[in-house]
Amino acid sequence: MANRPVQKETSSQPHFLQFNNLACETAGGKVIFATDEWFAPARNLLKRDPPEFIASAFTDYGKWMDGWETRRKRIPGHDWCIIQLGVPGIINGLDVDTSFFTGNYAPFTSIQAACLDQMPSFTLEGDRTGMAASPSQFEAVAQLNTDSWEELVPMIKLNPGYSESCHNYLNVTYPHRVTHIRLNIYPDGGIARLKVYGIGKKDWSTVSSQDLVDLVALVNGGVCVGYSNAHFGHPRNIIGLGRADNMGDGWETARRLDRPKVLKVDEKGILQVPGCEWAVLRLGHPGIISKIEVDTNHFKGNFPDSCKIEACSLTPDEENNLIRNQWRSDKTPKWRILLSPQKLKAHHRHLFSGESVVQCGPVTHVRLVIAPDGGVSRLRLGGRPVSDNLTHPQQISKL
């Protein structure tokens, strides 16, 4: 477990870190243009794994760095790149991470955004270390008129990449759907990672009420809005694309300390334990759920013994009140059983449908409860969207 450190949460951390990284390479994000990539290519910005530093690593172009680093500029202008989000959506905040860029970090940045009707036909391929944009690439990107894109973050000063200062957290209050962002650095330098936290925004007008869709998927606007424990992996991961790459791509809790010293099971073989862990997720659209998948892929010695799923319908105000109280309130939501307690297996896709899934009617939120602890890699909730009579919350919830 020592090779999977997780940054400890503090009250000073911004609320938007609860949401998914819409630009991550695992979500399909990609860099389609960069003015310069001399020391390190811009595609590194979108890596899921934390930056690393290898003191002895050098390339033919200079010091190897795990991020995007441009050459020391000796011509007019400044450097910038264009990132195509893997999941278009509403951006709530950014983390401009300068880890390990101490004497070579970009001193200033600004960020712009656009929602493009058509995806650009150009992209960047292969290892571009030691390269810069060609005249033809500048001509192609000029067609996007990126200079006139909306400003998400005005020019601000960045902090160097020491552990205590590397995370430059930026709140965003732009209420419109975004497909692309332009990251500007002034005038040059390096950034390790760019994380774009937000909520996917799907055009539900194109979805029939008879279509069975994953109502909680990241790409469909699902989002984690509360949890009990995320020691080794955040529950936002369980609504990600595809199956998990490894344990780090799932939700994993610490071992509960209230486990009995000697474990016992009931007549169904389910462990009898006093505690549990939970994660609350808001669906991308209210709907009626009829199929469930709980995937423990990669969790072999640390899967939960059992799980259950509850559901309810909440208005935006009710959700916000519960979030402010960390889902612990005298006025708790009226959770209804969607999936009764089920024994789980290691490294396995558990599929539930038919009579196993209790008919709860239209719901907006679900709570996945695992006992006593452990890891889940993915949660899929197949259902049919229903008319939105609850004014389903699409805005950011203040955590």
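The values are calculated or read from the model by the stated rules, or taken from the named source; none is laboratory data. Computed from a prediction, not measured in an experiment: that's the story for all the values here. Here Cβ is always computed from backbone atoms with ideal geometry, including for glycine, and neighbour counts include all displayed protein chains. Surface accessibility is based on the protein's heavy atoms, side chains included, excluding ligands, DNA and RNA. Shrake-Rupley method; radii C 1.70, N 1.55, O 1.52, S 1.80 Å.
Structure notes:
- Residue-averaged 222 nm ellipticity for the chain, from DSSP H runs of 4+ at -39500 (n - 2.57), nearest 500: -1000 deg cm²/dmol
- Summing charges over neighbours of residue 257, with a neighbour being any other residue whose Cβ is under 15 Å away from its Cβ, gives +1 when K and R count +1 and D and E count -1.
- Assigned charges on the beta-carbon of Lys, Arg, Asp, Glu; the chain dipole about Cα centre (debye): 1040
- Members of 30/73; 201/291; 264/343; 268/300; 268/345; 300/345 lying beyond 18 Å, as alpha-carbon distances in this model show: 30/73; 201/291; 268/300
- Nitroxide proxy distance, nm - points 7 Å out along Cα→Cβ at residue 173 and residue 358: 4.2
- Extension gain (nm, one decimal) between residue 162 and residue 268, 0.36 nm per residue minus Cα-Cα: 33.0 nm
- Among 192-200, 245-253, 312-320, sorting by the average number of other beta carbon atoms lying within 10 angstrom of each residue, highest first, gives 192-200, 245-253, 312-320.
- FRET E, pair residue 255, residue 325, Förster distance 25 Å, beta-carbon r, rounded to 0.05: 0.40
- Qualifying lysines (Cα of each under 20 Å from Cα of residue 334; at least 8 residues distant if same chain): 308
- Each peptide in 357-368, 127-138 receives the mean, over its residues, of other Cβ atoms within 10 Å, and ordering these scores from highest gives 357-368, 127-138.
- Ordering 246, 132, 92 by Cα displacement along the dipole of the chain toward the positive end leaves 246 in first place; charges were set at the Cβ atoms of Lys, Arg (+1) and Asp, Glu (-1).
- Computed FRET value (nearest 0.05) for residue 116 with residue 147, which takes r as the C-beta separation and R₀ as 22 Å: 0.90
- Dipole in debye (nearest 20) - region 204-390, about Cα centre, beta carbon charges: Lys, Arg +1; Asp, Glu -1: 440
- Computed label-point distance, nm, for sites residue 245 and residue 203 using a 7 Å Cα→Cβ extension: 3.0
- Rounded to the nearest 10 Å², the accessible area of residue 285 at probe 1.4 Å: 30
- Only protein heavy atoms count here; on that basis, with a 1.4 Å probe, residue 73 has an accessible area of about 50 Å².
- Residue 60-residue 332 pseudo-label distance in nm [points 7 Å out on the Cα-to-Cβ vector]: 6.4
- Counting charges near residue 70 (Lys, Arg +1; Asp, Glu -1) among other residues having Cβ under 9 Å from its Cβ returns a value of -2.
- Global form of region 204-390, assessed from the alpha-carbon gyration tensor, a/c cut-off 1.5: prolate
- Normalised per residue, the accessible area of the chain is 47 Å², obtained with a 1.4 Å probe and no contribution from ligands, DNA or RNA.
- Atom-type composition of the exposed protein surface of the chain places 50 percent of the accessible area on carbon and sulfur (1.4 angstrom probe).
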